[in-house]
Every structure is written in structure tokens, then in C-alpha cells.
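What follows is a short report on a single structure.
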Amino acid sequence: MNIQGAGGFLPVSLCMIVKDEEQMLEACLRSALPYVSEIVIADTGSTDGTIAIAKRYGAKVVRTAWKDDFSAARNQALAAASQPWLLVLDADERLEPLPLERWSKLLADRLRSGYYVRIISYIERLGNGEGTVSDLACRLFRNDPRIRFAGAIHEEAATSIIRHYGENAIGFAEAMMLHEGYRPERLSERKKRERNGRIIDAALRHNPDAPSLRYAKGTEYFTYGEWGMAAAWLEPLACELPPDEARTSDVVLKLSHALRAFGRLQEAECWAERGWREKGFADFPDLYEAQAQAMLEGDRADEAAAAYARALEVGMAPLRYTSAPGAGSYRTRCAAGFAEERRYRWQEAANGYAEALQLRPNYWPAWERLLLLGALDAQLRPLGEEAFARFVQSNSGRTGKDGIAESEPLFHLIADAGLELLPSVERIGFAAIGVQRERLLLWRGLRLVQRGDAEAGRALWKQLAEAGGSGRLQREAAAYLAALELRETGGASIEGAARPDEAASRALAEQALLRASAAGLAPAAFARTLLRVRAWPAWQALLAAAPAHEAAAAHALPPLQWCALLAADVPAVSSAYAAQLLRSAAPEPAAPALLAAGAIAAAAGEWPAAAERFAAARDAGPRPWQARAAAAGLAASFAARARMAAAAPAAPELISERELLLRVTSSLYNL
């Protein structure tokens, strides 16, 4: 099929360089198609279906040899373009929709020779919040032979525009791009590290003092989590670069994060403060966040809360900064909520998460923490109900893929915790937020199973699985049906059932591994499905039999499934899981494993075992907040044992008893 692309009427040429991008290219071209009249692709040696995809979209393909120089390749694409304006994208980027009249207004401005475009890059999470960072790059500019890219790597075109037309010739466009290239799987798949390192090192040999190349080197180390090396390259730059240099704020921010991750907390805090206090970046909320994160790591939650408050006073970062989405707004409010958790101010923490969701109803980190607190303290659940009502209202007009994209992550979180946690999910209904009929069958089936009506849930899943096709929904339904069968095989609906004998456990584990394989799921992923249908013995057996390379992932419960386990009345399974946790951490279990095992024993009322494990956690060199949780566990254990032994009326419950599971869980799961 030949797609008549270059489908827009705007006088814009899309210019790209590619190599072996058949998995990403089509989505990129589709996103840009309404806004360009020409597509020019410089191919540097593809051996897959990249060129065929490009030609289907009517692209002009320019074949060029790769010479370890991004600017050279990009400039070849620019030279082959014929439209008055040029838009530059990479295959792993997507152009977000923008009304054509806004594009037309940008292109009609005779005072502008180019525009900065905001790029949202998905990255591996460091610290709190979602794994994205926002940056600006000049990606839309006039087709002018004087405007060209420069730099073998981290190439940019803004310098040439400023040189010939002045700084005011570059404006800020409303257009936004989403970038997938920094996801860990993408980095390893494309062998970017080896390629980028080779290019940067070659350039440094010719120009070792160039700030742009030293910044590129430090950024590479930062991207791959080599924090010490990142700091070693970035710190001299932070000292040398003037505040008005475009990259200085980002150098300081990256340096603070790298130092914190490397354990040099005082220096991390100092550099963040120097950035906003001395270098003129007082309107950069990310620096206050970085300072707060270093303070939290240093167990100074009160000061961290004050730093987050300063970030909120500053508000969202001006466009000139490389900022995390939501810094100074919903992201910071969520982080401030976590600081309140460290202060054991649970209501204030829940309020912070709810406020973050008022600003952005689909901010999943805030949802996870709010649901976590509600799962462990019923008094905090009304905030979750209110947040869900706002979520429904904000998504009521979305249907189809938009509705699924906005609602799916939330329902996965609720399903992990237990759909009964938010009764309004059933009252308002999944359909209210645009969930398609087939997916409704999946979620309603799970709701029925979690309420105890396994047969009704099974009927819905069978209806979906037998609907034909081999799509994702059918595979999920089949996995849930398999998990439900294992629940019945293993007697998971029991309350306080005896521990299965060894032979029965092995047989159950073999069945679980076979069902996981048939569903195309790794043991860790199938374990999550088993937990959702409350197939506790099958889950336990699967953990015991998971292959060595899967064991760690299988034992690492997501936060909300951890809460579900604590609430479950399955003492035999809980005790066996705690024992497995300690065995997996042998020979010397670390404080987190001991804390978790103590919490499981406490939830089951096994106070002697809880006291022993909390004492061991206290002596295992825990972080300060984990040490406090262990101390609370010891106090609660002793109080509970004393109360059980006393013949007199029960003494008032200690705060440490009432908040024990909150304190332990908060210390185990960071934001």
C-alpha cells in the first residue's frame, strides 16, 4: 500500500536521518503526516524494512554513508528539502497533535527564523516522579543554507540561526515531541552507548577543552547511571560556565542528582542551593526538588518539606530550562506528600497526593501512594474516592484508544490493591471513562472474582477469551482464567488452611509455571495475575519454583500487592512468603527483608516472630527511616504481647501499633 503522505498542506519538509528503524519509523511518520508537505530521509545504511516504510509514505530517500557525525548526516537531509520550512525528527520521536491554525501562525511570523520545540524524553527513573524530562531544541526553522547543524554529537542548529539573525530570531513553538530514545531497552537495543562514546572521545581528542563535548561526556555517564564519573565531568563545568550559558542550569541540576545518587549528599544539596541562590536560577523549581531529595536521603524530612514548599512557590519552570514535567506543580506536590510520610503525617501526605491529582488527574505516582495509604488506613480512603470522581469527570469525553490510555494504568493500580478499595469504581462504572466493551469484561470479571463471585467472573473472561482473535485482551483473559483455575486447584479460597505438603506444593508450582508459559508470561508477571485473583497458594508455590534469574523479580511485590497480602487472611501463605524473603536474602538478610518479614508476622498476629525480625532489622544497619520503623515494630510487638498476657482490661493502643504497617510499608517503598 502506498500512503499519500506528506499529507498536509503546510509548507514544511520533514527531515530525518535513520538506520534500521522499521519498528519505530511508521509511528513517527504518522504523527508528522498532517503537518508536512514533503518527507526527506537520509538513510545511513539500513538493512531492514526502513526504506520500504519510508517510500510507502512518499519520502524522498537520500542514501548516505555514516561517518560518526550526526551533523553531517542531518545537513544532507536538509540540503535535499524543497519546502520553505524544515521540521527535524528522529525515528524514536512522535509529534504531538497541534491545530493547523497554530502551525500556520508560527510559519507566518516574518520575525522568526526558527523555533524551539519542547521534547519530552522518557528516561529511567531517578528519585521521585515519573520517568520523563523536558528539554528544548530548535527543530523547526527556515530552509536557509546558512542554517545548519553543528557538532558531531548532541548536534544543534540554534547557533547558526543566532549567528546570522540574532537571538530574537528564535521563538518558542507550542509544538511538542515525545522521545523514546532514552528508555533503557532502547539504549541497549540500539547500542547507543558504544556509538556515542566513540564519537565523543574522537571529538575530545581534537578539542579536549570544549564545554559542549565535556557536557556531552558527563551526560553520557549520567544517562547510564555511572554517577561518580558523571560528577567528575560535570563539576568542573559547573564551576567554569557562566550563568547565562544555555546549558549551565542543566549541568548544575545533573551534578546535584549524580552526587546524590553517588552518596555524596552534602555536596548534592550544596550544588542545588548554589544553583538557585548564587547562579541566578531562583526560578528553576527542579533545583529546589533536587535539594529536597538530598535532604530526604539525609533523613532531614522537615527541611525537605520546606524545600518542596519553595519549589511550589516558584511554580513551573520557564521554557529556557530543562525541567521535569510537573516540577513546581503536581510532581512537587506529590514529592512533598512523600516528605510528609517520612514525618509520619499521614493525613497531610494523603492531602498532598490528592492535591497533585487535582492538578493532574492521571499522575500515576500520586495515585499509587494515595491508594497505598488508603489500603493501610481506612480513614484515608475518602480522598481516593474523591480523586476517582475527579478522574472520571476529567476523562468523561474520552473514548476508544484515548480512554484506554488514560484509564488503563489506574485500573491496574486499583486491581493490585483490590477493586473493593474504591467502591465508586463499581458505582460509577468503567464505561464512564471510555473503557471499551471488551476491556469492561476483563475488569468486571476481576471485580466479581475479588468480591467472591468466581463463577460470574469466569463467565465474563470466557466470553472474552472465546471472542476470537489472539490479541492482548484475549491473552489477558486466558491468563486470568488460568490463574482462577489454579486458585481452585490450590484451595486459595480457604481461610487459615493448612500448609500444603511438599509434593502438593511442587505439583502446584509445576502447573503454575506451565500456565505462565502458555500465557506467554514470565513467572514474575504471572505472579501478579495470581495475586489479583487471590490465588495465594499457587502464587506461593510459583515463587518457590521460579527460575533463579526470575526469583528476585518474582519476590519483589509491587507496593499495592504488598498491601493486599498484608490484608489477606492467609497466615500459612504469608508465613511461607516471609520465610522465602529471608532465604532469598541469605546469608545475612538486609534490613528491608527483615522489616517485611516482621510486618507479615505482625499482620498475622504472630508477635514473637515479629519482635524477633524487627530486632534483627534494627541491628542490620538500616537506613534511618527503616530503623525507626523497626523500633516501632518492636514497641508494637512488646505491647501486643503484654496485652495478650494481661488479665486486666486492654490498655490503650500505642500509636506505633496503630501505624505499624504504614510506617513499615512507607519505609520499604520509596516514591
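Details
- Count of the stretch 325-339 residues which are within 15 Å of Gly374 (Cα to Cα) and touching a Gly at 6+ places or on another chain (Cβ under 7 Å): 1
- Within the stretch 323-338, not a single residue is β-branched (Val, Ile, Thr) and outside any helix (DSSP H, G or I).
- So Leu662, is it crowded, with 19+ Cβ neighbours inside 10 Å, on the phi < 0 side of the Ramachandran plot, under 33 Å from the mean Cα position of the chain (by Cα) and in a helix (DSSP H, G or I): yes
- Failed condition for Ala609, given (1) assigned to a helix (DSSP H, G or I); (2) surrounded by fewer than 17 Cβ atoms within 10 Å (Cβ to Cβ): (2)
- Of the residues making up the stretch 41-74, those that are outside any loop (DSSP other than H, G, I, E, B) and among the charged types (D, E, K, R) number 6.
- Residue within the stretch 294-303 that is out of contact with any Lys or Arg (no Cβ under 6 Å at 6 or more places or on another chain), among the small types (Gly, Ala, Ser) and crowded, with 24+ Cβ neighbours inside 10 Å present: no
- Elements of the type helices (runs of 4 or more DSSP H) sitting completely within the stretch 142-256 and holding at least 3 residues that are of a type in the set (D, E, K, R): these cover 184-190, 192-206, 211-223.
- Among residues of the stretch 570-582 that are among the hydroxyl-bearing types (Ser, Thr, Tyr), none has a beta-carbon under 6 Å from a residue that is surrounded by fewer than 18 Cβ atoms within 10 Å (Cβ to Cβ) at least six positions away or on a different chain.
- Just one of (1) in a loop (DSSP other than H, G, I, E, B); (2) out of contact with any Pro (no Cβ under 6 Å at 6 or more places or on another chain); (3) over 17 Å from Ser134 (Cα atoms); (4) modelled with pLDDT of 95 or more fails for Phe281. It is (3).
- Taken over the stretch 238-253, the criterion of being farther than 18 Å from Ala324 by Cβ and either crowded, with 19+ Cβ neighbours inside 10 Å or not assigned by TED's automatic domain parsing to the domain that holds Gln291 (or both) is satisfied by Ala238, Leu241.
- Which numbered condition Leu287 fails, given (1) out of contact with any strand residue (DSSP E or B) (no Cβ under 9 Å at 6 or more places or on another chain); (2) under 22 Å from Trp367 (Cα atoms); (3) in the same structural domain as Glu245 (by TED's automatic domain parsing): (2)
- Within the stretch 578-593, tally of residues that are within 27 Å of the chain's Cα centre (by Cα) and either crowded, with 22+ Cβ neighbours inside 10 Å or farther than 19 Å from Ala632 by Cβ (or both): 5
- Only listed residue being of a type in the set (A, V, I, L, M, F, W, C), loosely packed, with under 15 Cβ neighbours inside 10 Å and within 33 Å of the chain's Cα centre (by Cα), chosen from Leu140, Leu100: Leu100
- Members of the stretch 393-415 that are of a type in the set (Val, Ile, Thr) and either in contact with a Gly (Cβ under 7 Å, 6 or more places away or on another chain) or at pLDDT below 80 (or both): Thr399, Ile404
- Number of the condition not met by Gly326 [criteria: (1) touching a helix residue (DSSP H, G or I) at 6+ places or on another chain (Cβ under 6 Å); (2) surrounded by 24 or more Cβ atoms within 10 Å (Cβ to Cβ); (3) not hydroxyl-bearing (Ser, Thr, Tyr)]: (1)
- The lone criterion from (1) surrounded by fewer than 18 Cβ atoms within 10 Å (Cβ to Cβ); (2) closer than 20 Å to Leu287 by Cα left unmet by Leu259 is number (1).
- Any hit, the stretch 482-505, residues being outside any loop (DSSP other than H, G, I, E, B), modelled with pLDDT under 85 and over 16 Å from Val573 (Cβ atoms): yes
- Answer residue from the stretch 17-64, given it is within 30 Å of the chain's Cα centre (by Cα) and free of Cβ contacts under 8 Å to residues at least 24 places away in the same chain and is nearest to Leu107 (Cα to Cα) among those: Arg30
- The lone exception for Glu348 - which of (1) modelled with pLDDT of 90 or more; (2) over 22 Å from Ala294 (Cβ atoms); (3) among the acidic types (Asp, Glu); (4) surrounded by fewer than 19 Cβ atoms within 10 Å (Cβ to Cβ) it fails: (2)
- Here Glu220 does not fit the description of being surrounded by 17 or more Cβ atoms within 10 Å (Cβ to Cβ), acidic (Asp, Glu) and farther than 23 Å from Thr159 by Cα.
The values are calculated or read from the model by the stated rules, or taken from the named source; none is laboratory data. Everything numeric in this text was worked out from a predicted model, so none of it was measured. A quick note on method: Cβ atoms are made from the backbone with ideal geometry, for glycine too, and the neighbour counts reach across all protein chains shown.
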